[in-house]
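Written below as structure tokens is the structure these notes are about.
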Amino acid sequence: MEQILDNRPLRAVLAAADLGGYDIERSLGELEELCRTAGHPPVARIIQRRQSPDPATFIGKGILVDVARLIESEEADIVIFDHELSPSQTRNIEAACNCPVLDRTLLILNIFAMRATSAEGSIQVELARQRYMLPRLMGKGVQLSRQGSGTGTHRGPGETKLESDRRHIRRRIAALEEELRELSKRRDLRRKRRKKEGMATVAIVGYTNTGKSTLLNHLTGAGVLAEDMLFATLDPTARGLLLPDGSTVLLIDTVGFISRLPTLLIEAFKATLEDASDADLILNICDVSSPDFEAQMAVTESILTDIGAATVPIITALNKCDLVSEVPHTINNNCVAISAKTGFGVPKLLEAIAQQLSGNHCKMKLLLPYDKAGLLGQVREQGRVLSEDYTPEGIQSEALVHRSIWHLLSPFQI
Ligand SMILES: Nc1nc2c(ncn2[C@@H]2O[C@H](COP(=O)(O)OP(=O)(O)OP(=O)(O)O)[C@@H](O)[C@H]2O)c(=O)[nH]1
Ligand SMILES: [Mg+2]
């Protein structure tokens, strides 16, 4: 296992079963990208069509012989499966191919581990990794009795070691969960404070590599790493953005999605993903230049539903328009064609964001006593003062007021 986790350039043979549920070629194309990102050059692929996975080895035992041959002939070091394998499947395949086996989940986990920079990101990844490892621990060179695990009884030196390893991992998982709870409390407080201040948040979400960070950088000069690689961004970055109507919103760049995103990761990244479910508006960035554009949109939609963000209003940005010969036709205001690289369509996108968020505002006619003049400053932070008249009774004003401060202004409504 150490050999795999080192991320040394190990040549990989890719293996998959075509079970008919999705486009296997496309999935393997993406797996190749993931392999390259993780530093494992893919050298060959093997696909077996079958009705259902073999319970012991996922693909058939016969075809595993071919895989083993491919490993020889291509001088490969590892096999990477385009599925999540059960612990025993991994062991059986390793034995049949005589080399380490990675599944899609571990591959993505490894990439996430390479990308994590913040404390929270690192803890989330480690938590997912430990949870992945726990059922996969093996006593060294020891035949395990079937009901031997988890009982705490000492049946032999190997098992004792295994039990203590498991206890160690469980303790580590508990500690990581505790650390995450603390961080998540702080994140919650930050969100509540923003809400109280009336700061609307816009979460940039979308499939990995669609240009989310490029857009954030273009709009705010945030200087976030934006690169042609999968999962360049793991940790959310937030920046203020001034909209054409004069209001400021908080724009948050988030971790990208991928088809069959491992549940382990969704669970571990719950706090990060809450940035999306908790936002006032979601900006869904799609890459129209990708042949997989529609499939990627479907994945994004389904993950948004999974994380409880389905009810948040969405604007879809059809990005990378500079790469297609014909700018896609957009049907309504909730869909805008842009290029985060050239800036094409971005003003229109900002208009659409402002318009969508203005649903959070209401027009109020006010008469403010002079000692409450400061409230107009608060109105301006999130809304707009349309007129101001200094009368003997006080300041008469018409304003677009954000809903978070309606209650402060309603006593002065006329
Ligand atoms: N031609 C073109 N390339 C773009 C555009 N937007 C982004 N890119 C490129 O697409 C690649 C991915 O961009 P990122 O901004 O890193 O994408 P992301 O969605 O943040 O990706 P992850 O963080 O990995 O999920 C980079 O090479 C960008 O330069 C665009 O509008 N046109
Ligand atoms: Mg990014």
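The values are calculated or read from the model by the stated rules, or taken from the named source; none is laboratory data. Since we're looking at a predicted model, the values are computed, not measured. All Cβ positions, even for glycine, are placed from backbone atoms using ideal geometry, and neighbour counts span all protein chains on display.
Residue-level check: of (1) surrounded by 16 or more Cβ atoms within 10 Å (Cβ to Cβ); (2) polar (S, T, N, Q); (3) without any contact (Cβ under 8 Å) to a residue 60 or more places away in the chain; (4) over 19 Å from L243 (Cα atoms), N319 misses just (3).
Scanning the stretch 226-250 for residues that are in contact with a strand residue (DSSP E or B) (Cβ under 8 Å, 6 or more places away or on another chain) and more than 13 Å from ligand 1 (Cβ to nearest atom) yields A238, R239, G240, L241, L242, L243, D245, G246, S247, T248, V249, L250. Taking A295, is it surrounded by fewer than 18 Cβ atoms within 10 Å (Cβ to Cβ), among the aliphatic types (A, V, I, L, M) and at pLDDT below 90? Considered against the rule, which asks whether it is surrounded by fewer than 18 Cβ atoms within 10 Å (Cβ to Cβ), among the aliphatic types (A, V, I, L, M) and at pLDDT below 90, A295 comes out as no. Here the condition is being modelled with pLDDT of 85 or more, in contact with a Lys or Arg (Cβ under 6 Å, 6 or more places away or on another chain) and more than 30 Å from L28 (Cβ to Cβ); of L241, L180, L251, it holds for L251 alone.
Scoring T233 on the criteria (1) in contact (Cβ under 8 Å) with a residue 60 or more places away in the chain; (2) among the polar types (S, T, N, Q); (3) under 17 Å from L349 (Cβ atoms) leaves a single failure, condition (3). Screening the stretch 328-339 for residues that are in a loop (DSSP other than H, G, I, E, B) and either among the acidic types (D, E) or touching a residue at least 12 places away in the same chain (Cβ under 8 Å) (or both) and picking the one that is surrounded by the most Cβ atoms within 10 Å (Cβ to Cβ) gives I338. Residue count for the stretch 359-384 satisfying the condition of being closer than 18 Å to P411 by Cβ and touching a residue at least 12 places away in the same chain (Cβ under 8 Å): 16. Every test in (1) modelled with pLDDT of 95 or more; (2) outside any loop (DSSP other than H, G, I, E, B); (3) out of contact with any strand residue (DSSP E or B) (no Cβ under 7 Å at 6 or more places or on another chain) is passed by R91 save one, and that test is (1).
Take the residues in the stretch 270-292 that are more than 26 Å from L357 (Cβ to Cβ) and more than 12 Å from ligand 1 (Cβ to nearest atom); name whichever of them is surrounded by the fewest Cβ atoms within 10 Å (Cβ to Cβ). Before the answer, list the steps.
Initially, the stretch 270-292 is screened for residues more than 26 Å from L357 (Cβ to Cβ), giving 289-292.
With more than 12 Å from ligand 1 (Cβ to nearest atom) added as a condition, the list becomes 291-292.
On the way: P291: 10, D292: 17.
The selected residue is P291.
S184 fulfils the conditions (1) closer than 22 Å to I338 by Cα; (2) in contact (Cβ under 8 Å) with a residue 24 or more places away in the chain; (3) away from ligand 1 (no atom under 16 Å from the Cβ) except for a single criterion, (1).
Would you check if there is a residue in the stretch 207-225 being among the hydrophobic types (A, V, I, L, M, F, W, C) and near ligand 1 (Cβ under 6 Å from one of its atoms)? Let's see the steps before the verdict.
Narrowing the stretch 207-225 to residues among the hydrophobic types (A, V, I, L, M, F, W, C): 215-216, 219, 222, 224-225.
Checking which are near ligand 1 (Cβ under 6 Å from one of its atoms) leaves us with none.
No; the residues of the stretch 207-225 include none that is among the hydrophobic types (A, V, I, L, M, F, W, C) and near ligand 1 (Cβ under 6 Å from one of its atoms).
Of all the residues in the stretch 24-64, those that are farther than 23 Å from P87 by Cβ, among the hydrophobic types (A, V, I, L, M, F, W, C) and outside any strand (DSSP E or B) number 2.
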